[in-house]
1. Tell me whether segment A:184-243 comes out rounded, prolate or oblate; compute the Cα gyration tensor, take square roots of the eigenvalues as a ≥ b ≥ c, and use a/c under 1.5 as the rounded threshold.
2. Would you please calculate the Kirkwood hydrodynamic radius of chain B over all C-alpha pairs and express it in Å, rounded to one decimal?
3. Is the shape of the protein assembly as shown best called rounded, prolate or oblate, per the rule: a/c under 1.5 gives rounded, else a/b larger than b/c gives prolate, else oblate, with a ≥ b ≥ c the square roots of the Cα gyration tensor eigenvalues?
4. Once fully extended, how much extra length lies between residue B:63 and residue B:283, figured as 0.36 nm per residue of separation less the alpha-carbon to alpha-carbon distance?
5. How far is it, in nm, from the label point at residue B:107 to the one at residue A:45 when both lie 7 Å from their Cα along the line to the Cβ?
6. Is any residue of segment A:87-125 close enough, with backbone N under 18 Å, to a label point placed 7 angstrom from the Cα of residue A:231 along the Cα-Cβ axis, and if so, which?
7. Exposure proxy check: A:228, A:295 ranked by fewest other beta carbons within 10 Å?
8. Would you mind pulling out the separation of the Cα centroids of segment A:252-290 and segment B:328-381, in Å?
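Only the coordinates and a few stated rules stand behind these numbers; no lab work does. Computed from a predicted structure; not experimentally measured. Glycine gets a Cβ as well: all are built from the backbone with ideal geometry, and neighbour counts include every protein chain shown.
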Amino acid sequence: MKYRPAFLFIICLVIAIGCGADPEEKREDAIYDANRALTLGNCDKAISLLEAVGRDNKNSVYLQTLASAYACKSGLREPSFFENDLPNTASPAPLGGTGRYANSSGMVNDNDASLSALYTAIDLLLFAGGISTSESPSVTKRASYFTSSETANINSQLLYMLLSAAGRFFYYYGNSDSAGQKGQGTGIDANTCFVDYSENVTLDNVYADLNAYFAGAGPIGSCAGAGSGHSSFGASGSRNISRLCRGVVLINNLFDVIPEVLAASTGTDFSAVSATTTTITTLRTAVAAAKNGMSNILDVKSYDLCVSENTSNDDYIQVYYAFIVEALFL
Amino acid sequence: MMNWSLLALTLFSCTVGQVFAKEVRYLARSPKALLMGDAYTAAVDDDFILFYNPAAINKTLGVYLHPINPTLGATNVLDDSDRFKNLPKDAPGLSSRLLGYPVYLQAGAFPGLRFGPIALTLFASSSMSLAIENAVHPFIDVDYRYDRGFIFGFAHSFGSAKKRTYKSFKAKTTAGQRATIGVSLKYINREGIDEKFSLFSPDILQRVNTSGSDIGELKKALGYSKGAGWGGDIGGEYALINGRSELIFAASILDVGSTKFNLEEGTRKIPKQDMYLNSGVTFKQDFTIFDYALSFDLHPLNEPISFGRKLHAGLKVGIPLVSAYAGFSGGYVSYGLGFRFWPVEVVAGFYGVEIGSSYKDQEGKRGVIYLSLLDFAFDIK
């Protein structure tokens with residue numbers, strides 16, 4: 001019996017060593033539980049579980065699960081999105097069909113909580129790996145932090161979320177109708193354009209100014225330049241740059257992500273967006289030719305960076321909307 | 001007294017506020033044990049001794065050979081058969097049909113030999129768990145393991161109670177007490193995939209497509225790795241025997257320090273075989289034409305899981321040719337029947353296992369069938 005204390009001490013030591021979960025195990029447990037919670041549609045529980053163990057920017061499954069937990073609050077469900085919404089994307093072309101997505105018509109005000117949750121989800125994946133929000137994220141930068149497989153998974157999830165957010169954004173700020181036609185909806189402003197272009201920003205080449213552009217290019221969907229813009233975007237001298245930047249960042253990141261997803265896809269699942277890259281490339285070329293110094297806004301993929309670069313001068317953002325956003329959502 | 005308090009406190013601290021979000025994966029489980037709620041640390045006396053407690057080798061004298069004993073396990077589809085009718089082939093259809101429904105398949109064989117205080121078991125066991133979780137961004141979680149190897153065990157007993165002979169296996173034994181300690185050494189060659197795939201990412205399809213029709217290439221594309229490792233177990237047993245009755249207390253530490261594997265093929269880490277600390281008590285009586293065993297286990301003691309998940313209780317009732325099993329394992333019931341008429345023994349039944357994190361979180365409903373052919377035992381004077 002004289003050995004009993006030592007024997008008990010050894011047993012306690014073995015148990016104590018074995019029973020503690022290290023931070024990585026706790027994170028794995030949280031991921032497992034969060035995925036279970038998301039199976040049952042419990043978005044808040046999943047967020048709470050994952051945030052409680054601390055964010056890990058280098059763990060792709062953690063980030064994807066946390067992003068999906070926030071996306072859960074937006075109503076996005078990839079199975080139904082993939083089956084029912086994605087095929088509608090380019091109908092009407094180029095991206096007007098996003099307004100037909102099941103969740104798009106749910107956006108009825110600027111402070112839509114579901115779109116905010118979706119922005120959070122998108123940012124989690126855009127800046128995955130630890131990319132600073134003060135720099136533009138990109139597929140290439142993310143690839144330096146993750147394996148090719150992890151990067152591909154992040155990009156495809158991003159694509160669904162970006163398209164879903166673009167659909168809500170377009171539907172509300174573009175005053176879309178149920179058929180995805182800009183300016184045909186019954187929104188509060190009955191606006192025919194996204195932005196009020198009455199400031200008539202000067203262009204450097206091809207066209208003298210935006211009025212000339214609209215006259216030359218003809219009405220872009222319902223928008224003939226002189227039409228009304230959405231009041232939430234403000235007017236000359238009082239533009240809401242932060243809201244406008246959301247649209248810019250959505251389109252620029254779609255332009256970055258779509259080719260990567262298409263390259264990894266072998267079937268026809270993504271055929272609805274296959275022509276989008278070509279369309280955006282054409283529009284980017286046209287706007288870059290029309291106004292000098294557009295490269296910053298064409299390349300910006302960080303919301304913070306977009307706001308800081310355009311707060312003092314909103315000309316570039318107006319031109320961007322006139323040439324690209326109005327033309328993608330007709 | 002203080003020392004026992006320390007032990008109790010340590011055990012308690014392991015179970016409070018902890019989660020362990022996965023199934024407790026032992027190297028192998030006895031089908032009879034699974035049907036008895038896996039309360040088998042003290043009760044084990046079949047082909048799977050070395051997977052529970054090496055000290056149990058020394059219960060009997062003589063030689064026992066179990067050459068052919070395949071087992072098959074699977075998700076209990078009978079419980080939800082409509083789910084598998086006209087199973088869709090596309091990702092949206094599959095995810096809606098199988099979301100939150102764990103699929104499990106297992107096959108193995110565990111031939112071996114017991115010769116007095118030593119035992120050797122060879123094993124080849126393959127298991128696969130598939131689960132689709134997350135309704136927003138469905139992940140398909142694949143956990144595939146193929147283990148091959150052997151376990152060699154040795155036990156030594158002290159005390160007055162004689163060991164049973166195989167001839168008198170179901171007869172009155174001598175009274176007394178016996179303490180046994182046992183050790184075992186194992187070699188495991190493990191191949192496996194433990195990956196989460198985004199179901200709606202082109203990545204998984206690309207992996208399948210690039211591997212062509214070669215199953216080996218497909219396994220590699222899905223993250224297959226292979227490796228080998230050595231491990232060890234220790235165990236102890238204390239038996240009080242009185243005529244037809246036996247009361248046995250037992251404890252074991254399986255895979256002391258966890259069995260780790262050296263990577264031989266592939267690039268992914270091979271899941272280690274975790275160390276598990278087990279304890280149990282069983283009481284059995286054998287009246288020749290009728291026998292029964294009641295057993296109770298607490299395991300794994302060292303894992304940070306809720307106390308309820310560690311509770312296991314089982315009952316076996318036997319008459320000549322037929323045995324019935326029932327149990328309770330971490331909140332889920334099990335039941336089954338066995339039939340034995342030499343040279344055949346068949347055991348089959350259903351059981352539940354916790355595959356979630358907390359007590360009664362998510363049940364994996366499974367069935368198991370075990371077939372033993374040509375096993376035989378004889379005594380050595």
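1. Numbers: a/c = 2.90, a/b = 1.35, b/c = 2.15.
Cα axes put segment A:184-243 in the oblate bin.
2. Answer for chain B: a Kirkwood hydrodynamic radius of 21.9 Å.
3. Prolate, because a/c is 1.5 or more and a/b exceeds b/c.
4. Numbers: separation 220, 0.36 × 220 = 79.20 nm, distance 2.45 nm.
Difference between extended and current length: 76.8 nm.
5. Each label point is offset 7 Å from its Cα along the Cβ direction, giving 3.7 nm.
6. Backbone N within reach: A:108-112.
7. A:295, A:228
8. 56 Å
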